Every structure is written in C-alpha cells, then in structure tokens.
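Below: the structure, in structure tokens.
The values are calculated or read from the model by the stated rules, or taken from the named source; none is laboratory data. In this text the structure is predicted, and so the values were computed from the model without any measurement. Heads up, the Cβs are rebuilt from the backbone with ideal geometry, glycines too, and the neighbour counts pull from every protein chain shown.
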Amino acid sequence: MLGNLFRAETSTLQDPSDELWDALCGPQSAAGKVVTADTAMRVAAVYACVRILSETVAALPFNLYQKTAKNNREVASKHPLQMLLHDLPNEEMTSMDFRTQLMAALQLRGNAFSEVERDRAGRVHGVWPINPDKVWVGRSEKTKRLSFEIHDGDMRTLTPQRMWRVAGLSTNGIIGLSPISQAREGIGLSLALEEHGARLFSNGAKPGGVLQVEGKLSDPAYARLRKSWSDRHQGGANAHRVAILEEGTKWNQIGMSSEDAQFLESRKYQRSEIASMFGVPPHMIADLEKATFSNIEHQSIQFVVYSLLPWLKRIEQSIFRDLLSPVERREYYAKHSVEGLLRGDSKSRSEFYKNLFNSGAISINDMRRLENMNSIDGGDQHWLQLAMAPITQSREPSSSGSSND
C-alpha cells in the first residue's frame, strides 16, 4: 500500500502521514481500541447515524430534470441517466441499494467513488461502486488532470471521464476527510466503554478483586480454587451468588465501581457526541432524554435543512460535473425532492396548502400530487381571491342631482 502513494508521473493529493501511521501502528485511539470504518460500525450510535442518513437520502425521490420554456422543468424520462438515477444504476443494484451504499461510504470514509460505463457516444449506461479504501487519487504532472488508481487485485487507472466521485468535508476540494478518522478518540472511547460494560456483566456486574489466602498454595490447589471461583461466580447468570470461602480465604475488591466511574453517564455523553458529529438529532437514534412533543418536529425539519441538504447538494453537483456532458449541462440537472420531509403534520400541511392556493401559487392538482393522489379534471386551474379592494373604492358615489342646499 505504501509503495503506491508516490509515483513518478503523478503528484499525490493525499497526506501520507495518516497512511504511514495506520500501516505501522494501526488506527489506534488513546483508549487502546483500533478504530476503522468497520470497527466503528460496532458502536450502536455510529451504526444508527449511518443508517438514518444513508436510508433517508436513498429513499428520497431523485430525478433528472430537463429545462423547458418559461423556466419550467419536466422529468427527463427519455434520457438514459434518468433510469440509472431513479431505477437501476447497474444490472445488480437498485437505486435504493446504490444510493444507500454511496451515502454509507461518505459517512464512514468521507469519499464515494463509482466507475462509470459509457457507450460509444459517451452516454452513461452504468455506474458501479468502488471501495474508497482501494482508490488512490493523484494528479498527472503532464496533463495536470486527476487520475484514479484502483487497487482491487490488479492495479488499473481510470480517467475523470470514467469516475463519478463525491467528497465530504474537504480541506483541498478533492479528497474528503474521513469522519471516523477525525472522531477516532470519541469512537474509541465508546468502544472501550462497551467492552468495559460487557466485561463487567460477564463477571457478575462486579469489578475485579483478589482472593487472599494465608501462606502459599500449591499448584493443584491454586488451579482448583481459580476454577471453582470462575465456575461459580463468572457470568451474568451467576451474579449475587453466595461465595463460600474456605481455610481463611478473603475477598478484597479492587478498582472503581461503575458508579464511581460514571459509566452510564459517559455512555450517554458519547452517544450525544457521535450524533452531533454526524449531524443527526439525538431523538432519531432513540435518545429521547431531552426530546418533547413540541420540539421533535422542528428538530426533524432542522435535520433536513442542516444535515441532509448539504449532502444532497454534493451528490447533485457531482452528477452535473461527472455524468453530464458540457452540452447536456445546458438543459439537464439532477434534483432530490425533500418536500415530503418538510410538510409536517396534517394540520400544518392543510394550512400550508390553503395559503398557497388562496394566493394562486398552486392548483388543486398540485396539492393532490403532493399528497400522492391522482389529478382531477379541471384541477389545473389557478384561483386568486379578489375580496380585497383599495379603501378609496369603498365610498359610495354621490347620487346624481344632489345639492348642497
């Protein structure tokens, strides 16, 4: 792996210090746990955040649109890219599967790469995901263009025309930072806390201690005492069993109790910290400690605006850059529909529709489409209330022939 970081004809865009450290020492946190994208998913909060973000984005309506007259738009149903985005990106994956994988790669590794298949006319007819760990990005010193080396058995190089890439938060605009690497210490602490809890209950929910005896035990006596104690008291099923100590043996507890170490409070804090790292409201990963019925709806809207929209913009603009030709960019663009996530409850939607309908902004059929209902005849007509009038017109005109006598 290290030999592929520097090549004569390319200049690296990746910082080799992290690669070198991970290769020599492993991506180990100060808590003593190795933190990678795979081990991080063992933390329930990380798994929940990645699942919420990935599946929510993948479930959103996603279409390729074509610009029409008067700044209108319509779904580009005849364009081959529409089927790839909306239905089948390749012959093995559905759109839901592909986009879930793409978002998971972004959340865990900070980058998502897909190999692009094109026909002789240059049109996209398939996209295949690539493990970001197997992609090295460089820049050619001759052409100054990006190049992508894929190390999945046999090394091969792809040009930008054959690669669809999406990057997360980045310091150079090309390579995204891995959220797992940036939050290594917090996730490592969560892994250590989970292991501590598991070991605590495997030992009957009691911290470690020592059995003290007078004199020196022979090897058979030592082995018998250790086996007898483990068989009778180790494991959650043996918690609180009465200990029988023979011939002056004494039990001395050592170490802090879970209360002294604030074990539960530490786990709660790590869960909240991980949720904030991914930008997921705590109530969405079953942390309802500070949630109320009055603020959950607003937190959900904030989740769409501040957490989802940046990712949706990255995906949409990367499609504009990598999957559309310069000519197609003039009239085509990809767009997610998030209106369904912002509509709120039935009462809020009713007020929203009423205000837009009364101002003539939407029609009856527009509202029915938003509610996934069929259109009706005559429902495309827009209406405008005209009950208001200037105050000067409210005066009754004077009758003809009146005098000021």
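Worth a mention:
- When the helices (runs of 4 or more DSSP H) confined to the range 1-73 are screened for residues that are modelled with pLDDT of 85 or more, those reaching at least 3 such residues are found at 37-40, 44-59.
- Just one of (1) outside the structural domain of Ile301 (by TED's automatic domain parsing); (2) in contact with a Lys or Arg (Cβ under 7 Å, 6 or more places away or on another chain) fails for Arg369. It is (2).
One line per residue, one yes/no per condition, for (1) surrounded by 12 or more Cβ atoms within 10 Å (Cβ to Cβ); (2) of a type in the set (Ser, Thr, Tyr); (3) modelled with pLDDT under 75; (4) in contact with a helix residue (DSSP H, G or I) (Cβ under 9 Å, 6 or more places away or on another chain):
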residue	(1), (2), (3), (4)
Tyr333	yes, yes, no, yes
Leu341	yes, no, no, yes
Glu351	no, no, no, no
Leu356	yes, no, no, yes
Asn374	no, no, no, yes
Asp380	no, no, no, yes
Ala387	no, no, yes, no
Arg395	no, no, yes, no
Ser403	no, yes, yes, no
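- When the test is whether a residue is modelled with pLDDT of 95 or more and either among the charged types (D, E, K, R) or not in a helix (DSSP H, G or I) (or both), Ser77 does not pass it.
- Scanning the range 290-330 for residues that are surrounded by 12 or more Cβ atoms within 10 Å (Cβ to Cβ), assigned to a loop (DSSP other than H, G, I, E, B) and either of a type outside the set (A, V, I, L, M, F, W, C) or at pLDDT below 85 (or both) yields Ala291, Asn295, Ser325.
- Among the residues of the range 120-149, the one identified as modelled with pLDDT of 90 or more, surrounded by fewer than 16 Cβ atoms within 10 Å (Cβ to Cβ) and assigned to a strand (DSSP E or B) is His125.
- Among the residues of the range 45-79, those that are closer than 24 Å to Trp311 by Cα, without any contact (Cβ under 8 Å) to a residue 60 or more places away in the chain and either exposed (fewer than 14 other Cβ atoms within 10 Å of the Cβ) or not charged (D, E, K, R) (or both) comprise Tyr47, Ser54, Ala58, Ala59, Glu74, Val75.
- Number of residues in the range 150-171 that are closer than 30 Å to Ala31 by Cβ, loosely packed, with under 14 Cβ neighbours inside 10 Å and not hydrophobic (A, V, I, L, M, F, W, C) equals 2.
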